[in-house]
Amino acid sequence: NDPEIVQKLQDTAEVRCLVGNASLPDVLDEAGAKSADMVIAVTHSDEVNMVACQVAHSIFEVPEKIARVRDQSYLNPDWSDLYSPSNMPIDLIISPEIEVARAIFRRLKVPGALDSLSFGGGRLKVIAVRCQEGCPVVNTPLRQLTEIFPDLNIVVLGIMRSDKLIVPKGDDQMLVGDEVYFVADSKHVERSMSVFGHEEKEARRMAIVGGGNIGLFLAKKLEDEHPDLNLKIIEVSAKRAQYLAENLSRTT
């Protein structure tokens, strides 16, 4: 909608730019929706994004529709039928704020980790850590890890060094400052972290600064899965703080 943003894109990116409301059929038609394989609707308005996908489906028969949706009410699992092919045909809903909150939550689940992901029904974890000064396995060839820790199921998958990803071989070594990605048996996560010099304890008290969508979603996840956590949210808007108080059960 904003001509200034369109002009900036026109000057810097090799894309065709249009000024207009993304949900209007004539704008989508001018953009080439008739021959499009995919529509990705990521304006700041949930409603514009959803209507754009509906128009792309109903009028232009675009096969793949993706929409950014921020409002938690639209994302409530109770209303998931809303996005079925017979109602509002959106193939994929994305919520960047919720993804950020989930990434923070995953990091909190493994203290000291940069990130962690579960695989195999939770039996395996891929964990990212940073090698710091004093890390016990720095400057050690990877093939020696199994000799030093024979009963520890751990495999180093990748090393990020100076913004370059290295797929390591047996003779490669980890250096201070490296981001290391490894897979471990979920039962061995705590021991695996100590191998990399990370023995941080799980938090008992936590403060979230900002009660927007990210802060609210994160607080709800923490309330659900960590009932013993002492949790506070600091929010500058009294009106938003009141809303948070009404929608959270144990958070101050």
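The values are calculated or read from the model by the stated rules, or taken from the named source; none is laboratory data. Just so it is clear, the structure is predicted and the values come from calculations on it, not from any experiment. With ideal geometry, Cβ positions are generated from the backbone for all residues, glycine too; neighbour counts draw on all protein chains shown. Note: areas computed on protein heavy atoms with side chains; ligands, DNA, RNA excluded. Shrake-Rupley method; radii C 1.70, N 1.55, O 1.52, S 1.80 Å.
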Checking Glu99, Glu64 in turn, the sole residue that is closer than 30 Å to Met206 by Cα, free of Cβ contacts under 8 Å to residues at least 60 places away in the same chain and open to solvent by 50 Å² or more (accessible area, probe 1.4 Å) turns out to be Glu99
Filter the stretch 60-96 for residues that are among the aromatic types (Phe, Trp, Tyr) and in contact with a Leu (Cβ under 8 Å, 6 or more places away or on another chain); the one that is farthest from Leu218 (Cα to Cα) is Phe60
- Do we find that Asp115 is acidic (Asp, Glu), touching a strand residue (DSSP E or B) at 6+ places or on another chain (Cβ under 9 Å) and over 18 Å from Asp37 (Cβ atoms) in this structure? yes
Taking the stretch 133-173 and keeping residues in contact with a Leu (Cβ under 6 Å, 6 or more places away or on another chain), modelled with pLDDT of 90 or more and more than 17 Å from Val189 (Cα to Cα) leaves Gly158, Pro168, Asp172
Counting only residues in the stretch 67-94 that are assigned to a loop (DSSP other than H, G, I, E, B) and open to solvent by 70 Å² or more (accessible area, probe 1.4 Å), the one modelled with the highest pLDDT is identified as Asp91
With the condition kept exactly as written, say whether any residue in the stretch 154-167 is touching a residue at least 40 places away in the same chain (Cβ under 8 Å), closer than 30 Å to Leu229 by Cβ, under 24 Å from the mean Cα position of the chain (by Cα) and open to solvent by less than 40 Å² (accessible area, probe 1.4 Å). no
Answer yes if at least one residue in the stretch 48-60 is open to solvent by 80 Å² or more (accessible area, probe 1.4 Å) and either without any contact (Cβ under 8 Å) to a residue 12 or more places away in the chain or within 29 Å of Asn213 (Cα to Cα) (or both), and no otherwise. no
Selection from the stretch 230-245 of residues of a type in the set (Val, Ile, Thr) and touching a strand residue (DSSP E or B) at 6+ places or on another chain (Cβ under 8 Å) yields Ile233, Ile234
Counting only residues in the stretch 129-153 that are open to solvent by less than 80 Å² (accessible area, probe 1.4 Å) and polar (S, T, N, Q), the one nearest to Gly197 (Cα to Cα) is identified as Thr140
The condition of being in a loop (DSSP other than H, G, I, E, B), more than 17 Å from Arg123 (Cβ to Cβ) and of a type in the set (A, V, I, L, M) holds, among Val156, Val180, Val176, only for Val176
Residue hits (the stretch 24-47; among the β-branched types (Val, Ile, Thr) and either open to solvent by 40 Å² or more (accessible area, probe 1.4 Å) or not in a helix (DSSP H, G or I) (or both)) are Val39, Ile40, Val42, Thr43
Do we find a residue being part of a helix (DSSP H, G or I), under 30 Å from Gly177 (Cα atoms) and open to solvent by 70 Å² or more (accessible area, probe 1.4 Å) anywhere in the stretch 104-115?
-> yes
In the set Phe196, Phe149, Phe119, Phe182, the lone residue that is aromatic (Phe, Trp, Tyr) and under 30 Å from Tyr74 (Cα atoms) is Phe119
Exactly one of Lys187, Lys221, Lys201 is assigned to a loop (DSSP other than H, G, I, E, B) and out of contact with any strand residue (DSSP E or B) (no Cβ under 6 Å at 6 or more places or on another chain), and that residue is Lys201
